[in-house]
1. Scan the stretch 357-383 for residues that are farther than 24 Å from D427 by Cα, part of a loop (DSSP other than H, G, I, E, B) and in contact with a helix residue (DSSP H, G or I) (Cβ under 9 Å, 6 or more places away or on another chain) and jot them down.
2. Hey, could you check the stretch 559-578 for residues that are surrounded by fewer than 15 Cβ atoms within 10 Å (Cβ to Cβ) and part of a loop (DSSP other than H, G, I, E, B) and say which is modelled with the highest pLDDT?
3. Residue by residue through the stretch 545-558, note down the ones that are over 25 Å from E510 (Cα atoms) and either of a type in the set (A, V, I, L, M, F, W, C) or at pLDDT 85 or above (or both).
4. Which residues, counting only those in the stretch 319-352, are within 21 Å of S386 (Cβ to Cβ), at pLDDT below 90, not in a loop (DSSP other than H, G, I, E, B) and not polar (S, T, N, Q)?
5. Report, by residue number, each residue of the stretch 210-259 that is over 23 Å from R167 (Cβ atoms), small (G, A, S) and modelled with pLDDT of 85 or more.
6. Right, D173: of a type outside the set (K, R), surrounded by 18 or more Cβ atoms within 10 Å (Cβ to Cβ) and either in contact (Cβ under 8 Å) with a residue 60 or more places away in the chain or under 19 Å from L123 (Cα atoms) (or both) or not?
7. Quick check on my filter: what residues within the stretch 69-127 are surrounded by 16 or more Cβ atoms within 10 Å (Cβ to Cβ), touching a Pro at 6+ places or on another chain (Cβ under 9 Å) and among the acidic types (D, E)?
8. Given the structure, is T525 in a helix (DSSP H, G or I) and hydroxyl-bearing (S, T, Y)?
Amino acid sequence: MADACPACLAAHNIGNHVGQCAPSRQEGDAHGGDVNGLRTLRTLSFKPTTQLKIFLSYGHDRYQHVAFHLKHALQQRGHSVWVDIEKLSAGIDWEDGINGALTWVKEAQQDGRVLLLMTPHALRRPDGYCLNEIARAGQNHLSIFPVLVAESEPTPSISMLPFFDLRDCVPTDPAELRLDATSHTWLDLIKTHVHSRAFEDKCQRLFAVLELFDTMTAYGVPAVAGIENLGLFPASYDAVHSPHHHLDSRGSSLRRLLAQPSSDSIRSMDLGSPTAQDQVAVADDSRGAAEGLAAVATHDVADTTLTTRYMFSFDDSCYVLAAKLYDDLTAAGFSVFAPPPTPVPGSLESAQANASAHEEAIRWAAAEKNGKMILLVTPESVGRPSGGCLNDISAAMTAGMGFVPLMVRQCEIPLSICRIQWLDMSDCLIYAQSGAASTSSTRLIDSASINSVRYGIRVDQLTTALRGKLDHEGQQARLFSVLSPFSFQQQISKLTNRFAGREWLFKDLERWIDAPAASQVYWVTGPIGSGKTALAARMVQLIPEIAAFHFALQEDEQTQNARRCVLSLAYQLTTQLP
C-alpha cells in the first residue's frame, strides 16, 4: 500500500519527492479523484466546494514525511498548498518568498489557511523557523490550524487555540525515535504509520475541519474533528480553570468543552519533562543548515551584557539618533562600535568607505561570539527589496549575531527577526519640514533632530532591556498587530515646525501636573485656528509625563473612531509601563 502512494515513492530524496507529488503544479492545483494508493475513507463524506490556499509550516526533521503526505492529499482534494521546498529554489530571496506566500494566503480571505505541524524541531528555541512564519501569520491575522505531531512547546500566539492531535499516529517508542532519521528503517516505519487506518481517518477529519471552518475556535469544530482528536495547550487549559475566566465567546466555550475530564480523550499536553521526541530532536538536521539559512542567535544572558559587543545598522536618516545612542550607551559602560557617518551624496569613494565601515563593525561585534546588532528600523532601512540594512542583517545572521530592533518609523519588521521584541523609538526624532510639498520621507528626514524629552525616556528603557533578557516571542509585535495603534509622528512634526510662544500655558500645565489635588482633566479651549492642535503636539514633545495621546484628524476618518482610539491608547501605555 505505501509503496504505491505517490507521496511515498521518493521519501529518501526530498527533491524527487516533490517532483513525484506535483511535477507541474506551481500553485498546488490538483486534478480530481481519490488519493492514489489510499483506501476509500468512510469517516466523513462530503464534497468541498471551494479551493483553499494553504501555507504548510513544518520542520525539516524526521516527521517531514507527514507534511508531504498531507500536502499531497490536500492537493488531490483540489486545494493549493504552498510548501517551501517547491517554491524557494536557489537564487530566490527566501524571506521575500515566505512573506509573499503569507500574503497569498491573506488575499484568499476566508479561503486562506496556515497549517502548522508542530514538532520539537519546528518550534525549537530560539531559531525554529516555523516560529517566524507563525509570528508573521499572527501579525497578518491569518487563520492558523495547529496540528500536534510530536510533543512540543507552542508559541504564545497560538497557545490559546485548540490543536488537532496526531501524536498517536506517529512513532513514539524511544527506541524507534533513536533511529537515524534518514535510515531506511525509520522511513519504512513512518510510511507504515501514515498509511494506517487511524492516520487516514484522522486526516479525513482534519481536512473536513480545514474545508468547513475558517478558525479552530468555530463552534462546529469538535463535532467534525471529533472531541477525542482535539486538545488544549497548558496555557489554555489553565485559563479555562481560572476563577477570572469569562466564558462569553465561542473560543472560550470550545476550550471549556475540551477541558472537561474524559478517559477517552487526550485533551491537554504536558510540558513538564522532556519527552523522547525532545531528546532525539537534537539529532535531526537543522532546518537552517538544510536550506543554507543562518540561524538568528538570540540568547541574552544578563550577567554578560556589558561584555557584549554592539554595532549599529541604520539608514542615512537615522545617523543623528545612532550617534546619540552611541554616546549614551558608551557612557553607560556598553561596548559599542562607533556608527560610521553617512556617505557624501554622489561620492563613490565615500559610499565605499561607509560600506567598509559597516563590514568592519560586523566583524568586530562578531569576533567574541556574543555580538548584537542595534537595528534602527525604518521603511528605508528594512523595506524590501532595496532596504539599506538588509545586507547588514544577512551578514549578522551569518556571523551568528543577535539583534536589538529599535522602531524609528513604523514599518514591517523583517521576517527573520520578527519575533524579537522591538523598542518603540518613533517619538525620539523631530523632523523639520521646509515648504508646502515637504511630505515625502526624503524631505522629512532632511533635518532630523533629537527630541530630548522623549529620547531620555526611551534610552533608559533601552539600557534596561540590554541589561536584561530581550523578548524573543515578539510580545510587543503581537500587541501592535492586535491593537493597531496610530502613528502621529509625521503630523506632530508638521504641527510643531516653527512653533513658538504659549510659555504661560506650559507653566500652567506644569503646575497642574504637580498639584495632586487638582482636577483630573486639563481642558484647553479656543476658537478654530487658535493653535489648540499644535499646542497639544508640542505638549507631546516636551512633557515626559504624557504616557499616551491621540489626535482625531479631520482627514483620517479612522482616527475619529472611538474604539480605535482606545486600542491605540492601550498600546501606547504598554510601551510605558514596566
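The values are calculated or read from the model by the stated rules, or taken from the named source; none is laboratory data. The structure presented is a predicted model; accordingly, all values stated were derived computationally and were not measured. Heads up, the Cβs are rebuilt from the backbone with ideal geometry, glycines too, and the neighbour counts pull from every protein chain shown.
1. Step one: of the stretch 357-383, the residues farther than 24 Å from D427 by Cα are 357-371.
Filter once more, keeping what is part of a loop (DSSP other than H, G, I, E, B): 367-371.
Scanning the stretch 357-383 gives E368, N370, G371.
2. N561
3. Within the stretch 545-558, the first condition is being over 25 Å from E510 (Cα atoms), and the residues that meet it are 553-558.
Answer for the stretch 545-558, where residues must be over 25 Å from E510 (Cα atoms) and either of a type in the set (A, V, I, L, M, F, W, C) or at pLDDT 85 or above (or both): just L553.
4. If the condition is that a residue be within 21 Å of S386 (Cβ to Cβ), at pLDDT below 90, not in a loop (DSSP other than H, G, I, E, B) and not polar (S, T, N, Q), then L348, A351 are the ones that fit.
5. G220
6. Judged against the criteria, D173 is not a match.
7. E95
8. no
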